[in-house]
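Report on one structure; see the data block that follows.
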Amino acid sequence: MAPSADAETFPLHLSAHHVHGYSSKSVVNASVLHGKLDLRLETRTIEEPPAGELQIQIKSTGICGSDVSYYKKFANGDLCACAPLSLGHESSGVVVGIGPLVNGFKIGDRVALEVGIPCGQCTICRKGRYNLCKKMRFRSSAKSVPHFQGTLQERINHPAIWCHKIPDHISFDAAALLEPLSVAIHSLNRALPAPGSTALVIGAGTVGLLVAAMARQSGCTFVTIMDVDQGRVEYAISKGFATHGYVVPKPLHSSSSSSSIFTDGTSTPASDGIMTPISSYSSVNDRLDGAKALAADVLAVARPDMVELEEDEDDGVDVTFECTGKEACMQTSLYATKPGGKVIMVGMGTPIQTVPLSAAHLREVDILGIFRYANTYQTGIRILGGKGAMKIPSLDDMVTHKFKGLGNAKEAFDLAGRTVDDNGKLVLKVVIEA
């Protein structure tokens, strides 16, 4: 069952506790988006934390793809902002104030923030699937009106039950990345791969990398990751997120050599692909044929390292994680998955797509959707403390660029929308630190 914020949950405290020098009302800086590319540093007034809430001094906030979408378009998919909005939802910080009716926290506690606040009372919340709550308020999202402001503020008040204490060995940056790690954990909880399974991850952004890492941690023997960006695929292999990689051919390239990376990450992909990109085909059938050919190419990457199977064994992976939301990638995922396998829809993208449903229907391929996460933060904190074979690649290492202070937010957002910086360095995760 999802946590509830009812007063009965907490022993009674009659007053808020706060760091010396904080009054009942104070002024904080906030990074506020007013329109497309219109990011401003402003001041806001913050009250003492109310009943059931903590006041958190934000230490680190990662910039997510949805944040970049709001920054560039003042919208994310079908959600259009209609008022100024502070972005940021991948965050960690320190407790600096404690409201009434809160127990179990002290000033100075280090916490990771789970920023989706469900009602806690509806049927879906009571079943523990609170990520699907119709009354969910999610920081930095324009879905609810008035908008629930994001974490790119010096301090915020946040419900204590959605603040997760973190040990000293987890950095604030890594704690902020518990949010995308939670998406990956939830994806694997839905997929439930058996030990020794094979997996394909489409998209090597932050979420795709973490999904690949969790697939390996969950017992998948072969995990292939594919992306259009060679640097990201090479990173995934060299850091141990995946066992194999495939770089999707560039537009208009056509040759007899395959564009892929093999097992140990030391090989570099050929510059040319073996097929015309799917987007250049004019008809649905041609696009589907292109997706089918791409699926065959990516499946061929790991095949040489697999034990030879019976001749009648069907090609395909046991589970495909589609982390881009693109139509062509969803088409490819259905063709790349073996009969009886699963396709996990992780990425949010094109809302209406043309896909070969018969490839799933007639082969009993299950298609499962993913929306954010539920009941994952404590699991993520334990995973970050893993040792030996159970340890996932470093989340701190994924932070390729850091910006100090909210005054540098615009520069951070401009960089977060790119794949390489001005020096040619790979851009994976950009964070804004206090």
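The values are calculated or read from the model by the stated rules, or taken from the named source; none is laboratory data. Everything numeric here is computed off the predicted structure, so don't read it as measured data. Because the Cβ atoms are built from the backbone with ideal geometry, glycine has one as well, and the counts that use them run over all protein chains shown. What goes into the accessible areas is simple: the full protein's heavy atoms, side chains included, and nothing from ligands, DNA or RNA. Shrake-Rupley method; radii C 1.70, N 1.55, O 1.52, S 1.80 Å.
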Gain upon complete extension [residue 25, residue 286; 0.36 nm per residue less C-alpha separation]:
87.7 nm
Could you check the spin-label model distance between residue 357 and residue 414? Points 7 Å from the Cα along Cα→Cβ, value in nm.
4.6
Of 143/250; 165/404; 106/135; 342/425; 387/429, which sit over 32 Å apart, Cα to Cα?
143/250; 342/425
For residue 303 and residue 194, FRET efficiency with R0 = 22 Å and r from the beta-carbon atoms, rounded to 0.05?
0.65
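Tally Lys and Arg at +1 and Asp and Glu at -1 over the other residues with C-beta under 14 Å from the C-beta of residue 287: what net charge comes out? Present the calculation step by step, with values, prior to reporting the outcome.
Numbers: positive: 292, 326; negative: 286, 289, 327.
So the environment of residue 287 carries a net charge of -1.
Report the gain in length on full extension from residue 51 to residue 315: 0.36 nm times residue separation, minus Cα-Cα distance, nm rounded to one decimal.
Values: separation 264, 0.36 × 264 = 95.04 nm, distance 5.66 nm.
My answer for the length gained is 89.4 nm.
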Under a plain spin-label model, where a point goes 7 Å from the Cα along Cα-to-Cβ, how far apart in nm are residue 350 and residue 368?
2.5
Less than 16 Å apart at the alpha-carbon level, and either on another chain or at least 8 residues along: which lysines does that give for residue 338?
292
GNM flexibility winner over the chain from 294, 79, 178 (Cα, springs under 10 Å)
79
For residue 53, the accessible surface traced by a 1.4 Å probe with all protein chains present amounts, in square angstrom to the nearest 10, to 40
Residue-averaged [θ]222 nm for the chain, counting only DSSP H segments that reach four residues, each worth -39500 (n - 2.57)
-7000 deg cm²/dmol
Charges at C-beta only: +1 for Lys and Arg, -1 for Asp and Glu. How large is the resulting dipole of the chain about its Cα centre, in Debye rounded to 20?
1480
Projecting each Cα onto the charge dipole of segment 331-434 (Lys/Arg +1, Asp/Glu -1 at the beta carbon, about the Cα centre), which of 349, 339, 370 comes out farthest on the positive side?
339
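Which FRET efficiency value, to the nearest 0.05, do you get for residue 72 and residue 103 by plugging their Cβ-Cβ distance into 1/(1 + (r/R0)^6) with R0 = 51 Å? Don't jump to the answer; show the numbers that get you there.
Working: r = 42 Å, r/R0 = 0.83.
E(calc), rounded to 0.05, equals 0.75.
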Under the rule a/c < 1.5 gives rounded, and otherwise a/b versus b/c splits prolate from oblate, where does segment 62-145 land using the Cα gyration tensor?
oblate
Where both residues lie in the chain, what percent of DSSP beta bridges are antiparallel, nearest 5?
60
Among 97, 424, 380, whose mean-square fluctuation peaks in a Gaussian network model of the chain (Cα, cutoff 10 Å)?
424
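Give the peptides 27-33, 232-238, 388-394 in descending order of average Cβ contacts within 10 Å, highest first.
On the way: 27-33: 20.1, 232-238: 23.0, 388-394: 12.9.
In descending order of packing, they fall as 232-238, 27-33, 388-394.
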Among 49, 100, 180, which one moves the most in a GNM of the chain with springs linking Cα atoms closer than 10 Å?
100
If each of residue 145 and residue 44 carries a label point 7 Å out from its Cα toward its Cβ, how far apart are those two points in nm?
1.9
So how do 165, 59 rank on accessible area, 1.4 Å probe, biggest first, that is with the largest at the start?
165, 59
